[in-house]
Amino acid sequence: MGSTTENSAFRVTRNPWDRRRVPGGSSGGSAAAVAQHQCIAALGSDTGGSIRQPASFCGVVGLKPTFGLLSRHGLMSYASSFDCIGPVTSSVEVPFCFPWTSFSPYHRSGMKDAAIVLSVMSKPAQQIDSTVQMALSSLYHEHLPDIERLRTWPLLGRRFAIVKETIGPGVDISVVDRIVTAARDIEKLGGVVDVISCPSFHLGLPAYYILAVSEASSNLARYDNIRFGTADSSRSEDFGDEVKRRILMGSYALSAGHSDSYYKRAQEVFTTEQQHLHSLNMTLYNV
């Protein structure tokens with residue numbers, strides 16, 4: 001758990017581009033391995049950015065699929081309302097200079113690795129539990145246009161939105177500059193960038209933390225060395241310090257005297273934000 005991969009059971013992970021820096025987290029190990037070309041692709045789990053953030057830190061592609069697209073079978077659940085499995089890859093389409101490209105059946109047309117991995121993972125045969133919506137599988141890599149078609153206006157007809165509250169007071173000016181620069185680049189490539197307002201957006205982060213740690217304390221209760229775990233150890237030995245902190249916070253938020261003040265209010269914020277963003281989508285994008 002955490003956004004730095006400094007609390008891993010497999011010791012600290014370093015950023016392969018600069019070992020003085022963190023690789024992000026919590027899927028920092030996957031992102032670091034792909035960035036260092038130790039593997040073609042790796043899996044990550046995303047609860048609140050744990051695929052996307054380390055992918056950004058390590059300069060690779062991290063794809064968080066729509067919630068419910070992929071099975072979570074085999075995942076040690078953190079927060080079931082948010083957990084998603086997704087691929088971490090070198091790029092959407094791997095350049096021919098990579099040494100493993102020649103061994104790939106896709107190497108002649110460029111290896112659209114993120115889309116290929118997603119296509120394999122979303123096949124009906126892989127959906128073996130109830131954490132996924134049973135939709136028809138799609139070969140996502142077949143929908144990606146060829147590189148030659150992306151030379152001029154690759155984002156023509158695409159619309160993007162920036163929530164203005166996310167670039168307001170309290171956000172480092174260098175981060176805001178990067179976001180504004182990225183928006184301008186999107187427009188140069190043919191896309192349309194809208195600036196929208198969600199006045200209660202700032203409530204999302206504290207609500208997320210309450211919901212996540214609450215669900216974590218519930219999910220991890222099964223590792224009691226009776227149902228799961230080993231008989232010759234204790235929970236205090238099996239869990240690291242960060243996990244223990246989150247279990248304690250979640251147990252407090254769910255306790256009889258505080259659940260209405262914390263967990264219930266966080267659920268209300270979650271529902272309100274969900275409805276607000278949905279209405280914005282319906283109004284602006286007709287989706």
Which of the following residues is open to solvent by 60 Å² or more (accessible area, probe 1.4 Å), at pLDDT below 95 and either within 20 Å of residue 239 (Cα to Cα) or part of a helix (DSSP H, G or I) (or both): 56, 77? 56
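Take residue 127 and decide whether it is of a type in the set (S, T, N, Q), in contact with a Gly (Cβ under 7 Å, 6 or more places away or on another chain), over 30 Å from residue 14 (Cβ atoms) and modelled with pLDDT under 90. Give the steps one after another, and end with the answer.
Working: of a type in the set (S, T, N, Q): yes; in contact with a Gly (Cβ under 7 Å, 6 or more places away or on another chain): no; over 30 Å from residue 14 (Cβ atoms): yes; modelled with pLDDT under 90: yes.
When the stated conditions are applied, residue 127 does not pass them.
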Give the number of residues within the stretch 1-46 that are open to solvent by less than 30 Å² (accessible area, probe 1.4 Å) and either touching a residue at least 40 places away in the same chain (Cβ under 8 Å) or among the hydrophobic types (A, V, I, L, M, F, W, C) (or both). 13
Collect the residues in the stretch 59-74 that are in contact (Cβ under 8 Å) with a residue 40 or more places away in the chain, under 30 Å from residue 222 (Cα atoms) and crowded, with 16+ Cβ neighbours inside 10 Å, keeping them in residue-number order. 63, 65, 69, 70, 71, 72
Could you check the stretch 163-268 for helices (runs of 4 or more DSSP H) lying wholly inside it with 2 or more residues that are open to solvent by less than 70 Å² (accessible area, probe 1.4 Å) and on the phi < 0 side of the Ramachandran plot? 173-188, 204-219, 241-254
Residues of the stretch 47-82 being among the charged types (D, E, K, R) and in contact with a Ser or Thr (Cβ under 7 Å, 6 or more places away or on another chain), which ones? 72
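Restricting to the stretch 226-276, count the residues that are hydroxyl-bearing (Ser, Thr, Tyr) and farther than 22 Å from residue 200 by Cα. Don't jump to the end; show me each part of the working.
Going through the stretch 226-276, the residues hydroxyl-bearing (Ser, Thr, Tyr) turn out to be 230, 233-234, 236, 251-252, 255, 259, 261-263, 271-272.
Retained after the next criterion (residues that are farther than 22 Å from residue 200 by Cα): 230, 233-234, 236, 251-252, 255.
Number of matching residues: 7.
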Output yes when any residue across the stretch 5-15 is closer than 21 Å to residue 246 by Cβ and aromatic (Phe, Trp, Tyr), and no when none is. yes
When only residues in the stretch 148-194 that are among the β-branched types (Val, Ile, Thr) and more than 22 Å from residue 56 (Cβ to Cβ) count, which is modelled with the lowest pLDDT? 152
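The values are calculated or read from the model by the stated rules, or taken from the named source; none is laboratory data. Being a predicted model, the structure only gives us computed values, none of them experimental. Here the Cβ is made from the backbone with ideal geometry for all residues, glycine too, and neighbour counts use every protein chain on show. SASA here: full protein model, heavy atoms, side chains in, ligands and nucleic acids out. Shrake-Rupley method; radii C 1.70, N 1.55, O 1.52, S 1.80 Å.
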